[in-house]
Amino acid sequence: MSDNQNNDTPAHSSLANDFLPDLCTTQSIFLLVLVAELLALLLALTSVGLQHLNWDILALISFQVQWIALVSAALLCKLRPYLRRWSPVRAGAAAYASVLLVALVLSVLGQWVLGMFEGRVAQGRWLNIDGWLLASNLCAAAILAGIVLRYLYLQQQLRNQQQAELQARIQALQSRIRPHFLFNSMNSIASLIATEPETAERVVEDLSELFRASLAEPTLIPLKRELTLCRHYLEIEKLRLGERLQVEWQIDKLPEDLQIPGLLLQPLLENAVFHGIEPLPKGGRIVIEVRIREKQVVIRIANPVVLVGQQAAPGGRQSNRMARQNIRHRLMAHYGPNARLSTMIDSGTFTTLITYPLDKQ
């Protein structure tokens with residue numbers, strides 16, 4: 001029991017305190033190149049005017065602006081772990097100074113390269129830097145860097161706030177999921193203590209694992225661990241229901257790093273037992289299927305259902321949709337519109353289908 005305790009406490013990431021967005025993602029680089037090209041066009045228009053604008057001038061300015069933008073982004077990516085640990089003033093000054101340093105170095109290097117093409121190096125003038133042009137480049141870089149960094153900072157602060165609100169929402173949704181089988185499990189344990197103490201001890205361990213997961217911080221956990229928790233739950237219920245509860249597992253080989261929101265499947269299995277198996281005098285079979293299909297995780301849970309006119313066992317309950325609604329909200333919170341939860345009834349079988357992407361967006 002104690003060996004797994006540390007695994008239940010999530011490693012809190014400091015991503016919520018990021019000073020700037022991650023500028024090294026494919027989407028960020030594409031947007032950065034696009035914005036840099038628009039800035040290059042603006043600078044070309046303001047320097048020579050529309051009448052004298054030609055491709056050579058635009059290409060020259062674009063080349064320099066793109067290099068400054070991309071190198072600055074790469075440097076800020078490397079500094080990102082440090083920026084999140086510093087105060088906003090210190091992080092902002094460091095980011096601003098980094099961009100200006102990149103602009104200075106690349107402006108000097110650009111003049112040197114142009115000097116080579118113009119023959120100044122051959123004339124021994126390769127150190128002859130145009131100070132006014134360099135100062136103009138730095139002024140333009142200072143103004144644009146200030147505007148862009150301020151925008152990126154505000155964008156990241158808004159994202160941090162949204163993530164904090166999202167975590168609070170997930171916590172509220174997860175806190176509403178409480179297993180209904182607590183008292184039945186305690187009765188089963190009490191009845192087994194005298195006759196089968198080893199089985200009673202195993203049930204206590206399974207029950208503690210489930211409630212530890214229920215009380216844990218809302219986070220993504222390995223799918224294999226979630227399936228293990230489901231097995232613990234079904235083993236507890238099988239002690240109570242006996243042969244009335246049959247379980248069939250159909251699991252693909254799963255990647256070790258494949259994740260799922262914690263305690264997502266157990267409430268669905270609880271519904272399957274509570275509203276599917278218990279009301280039927282002969283019980284039935286629950287099928288849990290997990291497949292990987294076209295970069296999507298597909299999870300199907302099927303259980304028998306009491307049809308209209310079919311005799312139910314005493315104590316049968318009407319189905320409620322709270323667990324499914326909570327799960328749908330949690331999937332949407334983690335994966336957005338790429339996640340789906342749907343249900344259907346066909347030939348006396350109630351099927352719940354969950355799909356979500358292999359990689360969280």
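Out of Gly131, Gly92, one residue alone is open to solvent by less than 90 Å² (accessible area, probe 1.4 Å) and modelled with pLDDT under 85. It is Gly131.
Of the residues making up the range 15-48, those that are within 28 Å of Arg90 (Cβ to Cβ), small (Gly, Ala, Ser) and either open to solvent by less than 40 Å² (accessible area, probe 1.4 Å) or not in a helix (DSSP H, G or I) (or both) number 2. Among the residues of the range 338-351, which ones are more than 19 Å from Leu258 (Cα to Cα) and free of Cβ contacts under 8 Å to residues at least 24 places away in the same chain? Once the filter is applied, which keeps residues that are more than 19 Å from Leu258 (Cα to Cα) and free of Cβ contacts under 8 Å to residues at least 24 places away in the same chain, the range 338-351 yields Ser342, Thr343, Met344, Asp346, Ser347. Going through the range 266-298 one residue at a time, which ones are open to solvent by less than 30 Å² (accessible area, probe 1.4 Å), under 30 Å from Asp359 (Cβ atoms) and over 18 Å from the mean Cα position of the chain (by Cα)? Hits for the range 266-298 are Gln266, Pro267, Leu268, Leu269, Glu270, Asn271, Ala272, Ile286, Val287, Ile288, Val290.
Close contacts from the range 136-163, counting a first residue that is of a type in the set (Ser, Thr, Tyr) and a second that is modelled with pLDDT under 85 and exposed (fewer than 13 other Cβ atoms within 10 Å of the Cβ), with Cβ to Cβ under 8 Å and a gap of 6+ residues or different chains, come to Tyr153/Pro88. Only one of the numbered conditions (1) modelled with pLDDT under 75; (2) within 22 Å of Leu268 (Cα to Cα); (3) of a type in the set (Asp, Glu) is not met by Glu237, and that is (1). Residues that are without any contact (Cβ under 8 Å) to a residue 60 or more places away in the chain and in a helix (DSSP H, G or I) within the range 276-311 comprise just one, Ile277. When Glu205 is tested against the conditions (1) within 29 Å of Tyr335 (Cα to Cα); (2) at pLDDT 70 or above, the lone failure is (1).
Within the range 248-262, not a single residue is surrounded by 15 or more Cβ atoms within 10 Å (Cβ to Cβ) and either more than 19 Å from Thr355 (Cβ to Cβ) or without any contact (Cβ under 8 Å) to a residue 24 or more places away in the chain (or both). Restricting attention to the range 67-89, the residues being surrounded by 19 or more Cβ atoms within 10 Å (Cβ to Cβ) and hydrophobic (A, V, I, L, M, F, W, C) number 5.
When every residue of the range 60-83 is checked against the conditions, none turns out to be within 16 Å of Tyr153 (Cβ to Cβ), among the aromatic types (Phe, Trp, Tyr) and modelled with pLDDT under 85.
The values are calculated or read from the model by the stated rules, or taken from the named source; none is laboratory data. None of these values were measured; they are calculated from a predicted model. Methodologically, a virtual Cβ is constructed for each residue, glycine included, from the backbone with ideal geometry; neighbour enumeration extends over all protein chains shown. For accessibility, only protein heavy atoms count, side chains too; no ligands or nucleic acids. Shrake-Rupley method; radii C 1.70, N 1.55, O 1.52, S 1.80 Å.
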